[in-house]
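Colleague: The following block contains the structure, expressed as structure tokens.
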């Protein structure tokens, strides 16, 4: 008896595997037929397939002056006979201060409270185990939050209602807000591949270094989402538009607009909702001050546009363009990125110098160093850009090393002219990416250490870019950020950015004053054409005086501003607290010990009652719902795949991964049923080979 080493054994094993996989395929297909298109399919500990749809998300946004207040209701319904815990990762604006949570159970409302993160988790876990309905809202990243909902009863539902606030700033002659509706999967160096799953049925890992969360592969997870906006900016609105979604104006008067997004109160596409509005030319703001009287004192929000910025003139530049060609840029994103880059190259003029760095799993520079702009070098750049395609991982560290240190093996050596460093050139790095990375702080630190006298400008590409990375990378690089919301806007947005960064900046900005306790941010970034100076203050008395200084084109600039706090504007204290927490969160860039910064952020979260990396919101129903003798099934709900994102299937198939149920790269269009058939086909080929080998073995023995 030859045992498991017998070729006949492996042939029979392969045939048996085909039968099992065929049964699994039929079962999977049957389940798919029984579940509606909006349902999520889970498998309980008992082996039962469970449908858990996220019924709806209702978003209400109210804008009053510079403050936007957003209410989000996530309704979870359990269509199974099992008790369910739902886990859901969702994006929010990177400056969102989440400060309220209610658990809605029928007609009852259970209010949540802010606790330290560890304590909130402990409260939630205890409630879950004891059978109480409970909800927990945590911050994973400044723009990624997580909801845990425990003990959703069989055939029952629970609604989680939370609110957040964000501060709006006048920029490029308009105001705007962004509400994210999808998550682009993030790359982390610890992951073998960017798009990996821990089980064949799950999807892509979104956030590999934090928690297991996936993105829906097939697009079958389409929760109904409605967005309504009440807009009262405090001035007569001239421009009102959304580049991302169709909007329907319900009512409009002198200074207020009511609108809905999409058709039939349902958002039509999983992409960031972007709304922009602007005043008439006569109402264009020059300076603004909003204040609130709070139990902890007076707080103010200051916005001022330095008049000298209008007189800026163009200077010669040394521009390093960096373009992301990783897998997450497939589809419309890479097209928009290439279009934006070509616009940047077209704008280069005699006296400028440039280079191009493209990166995915590796990074490559077009030239060995920045070279003079002429017809020959531009032609080489055009050819290089047009040949770019998206694939692979997202190694931003390698790209930053090339862009900031200017040392590489060049892609093309046809241009022989070297460039001598000239002090009269303004050094700039234009970084075009969707920001699909999960190790942002490592990159921010690298930027800070290597930026030198250069400036970094981020250009966000795609329907759901990582706004946290875009904003903070620009701050670390003392630059600014721009979003390309639509492919049709790529040329216009890039032209505006190039005009902005080609003009002198207001640098060395300092703010001090009388009657002022603190100013945030502590380090004021450089200003560029079309951008205002915006900061928050904590005041020791209602009347104060601010003195703002800086340098404009090597000329000293100074302005004195007297402010009087009336205390009538709600949300200004929370705006100051949120900006202060963000300031402490990036304080490692100036050498502040992590433990000290963590204590300061935690104190702000507890004192001003909002979610931070170290504080969370938790709500627990005092009534026990789930009987002790009934189990609880936990299920991660997939997030939506951003519109326009395309992922190609990896040709590398790991047989061991299929047998063990471990990670496997997956295609955008590959369902669990299709993957099962693929595995069955592969095993069929293996078994056929085994049968042939067994036959030949018998012939040799004979």
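Every number here is computed from the coordinates shown, using simple stated rules; none is lab data. Please read all numbers here as calculations on a predicted model, not as lab measurements. Cβ atoms come from the backbone with ideal geometry, glycine included; neighbour counts cover every protein chain shown.
Colleague: Given q = 0.13, 0.27, 0.28 Å⁻¹, what are the Debye log10 I(q)/I(0) values for the range 475-528, with equal point scatterers placed on the Cα positions and solvent ignored?
Modeller: For the range 475-528, the Cα-only Debye profile gives -0.49, -1.08, -1.12.
Colleague: Follow-up. How many percent of all Cα-Cα pairs in the range 497-617 sit more than 24 Å apart?
Modeller: 40 percent
Colleague: While we're looking at this one, here's another question. With 10 angstrom as the radius, rank 375, 177 by how many other C-beta atoms surround their C-beta, starting from the fewest.
Modeller: Taking fewest neighbouring Cβ atoms as first place, the list is 375, 177.
Colleague: Also, quick follow-up: Would you order 63, 343 from fewest to most other beta-carbon atoms within 10 Å of each residue's own beta-carbon?
Modeller: So the ranking, lowest neighbour count to highest, is 343, 63.
Colleague: By how many nm would the segment from residue 547 to residue 488 lengthen if fully extended, with 0.36 nm per residue of separation less the alpha-carbon distance?
Modeller: Full extension from residue 547 to residue 488 adds 17.0 nm.
Colleague: Pulled fully out, how much extra length does the chain show between residue 121 and residue 522, if you take 0.36 nm times their separation in residues and subtract their Cα-Cα distance?
Modeller: 141.1 nm
Colleague: Using R₀ = 56 Å, calculate the FRET efficiency as 1/(1 + (r/R₀)^6) where r is the Cβ-Cβ separation of residue 609 and residue 350; round to 0.05.
Modeller: 0.50
Colleague: Further question on the same structure: Report the label-to-label distance for residue 250 and residue 155 in nanometres (one decimal), using points 7 Å from each Cα along the Cα→Cβ vector.
Modeller: It is 3.4 nm.
Colleague: In whole Å, what are the Cα extents of the range 446-567 along the three principal axes, biggest one first?
Modeller: Largest to smallest, the principal-axis extents are 49, 35, 29 Å.
Colleague: Still on this structure, I have one more. In Å and from the alpha-carbon atoms only, list the Rg and Dmax of the range 316-501.
Modeller: In Å, with Rg to one decimal and Dmax whole: 14.7, 40.
Colleague: Shifting gears a bit: Going 7 Å from the Cα of residue 405 along its beta-carbon direction, which residues of the range 346-369 have the amide nitrogen within less than 15 Å of the resulting point?
Modeller: 363-365, 369
Colleague: Taking the Cβ of each residue in 559, 623, 358, 138 as the centre, tally the other Cβ atoms inside 10 Å and list the residues starting with the fewest.
Modeller: Least to most surrounded, the residues fall as 623, 559, 138, 358.
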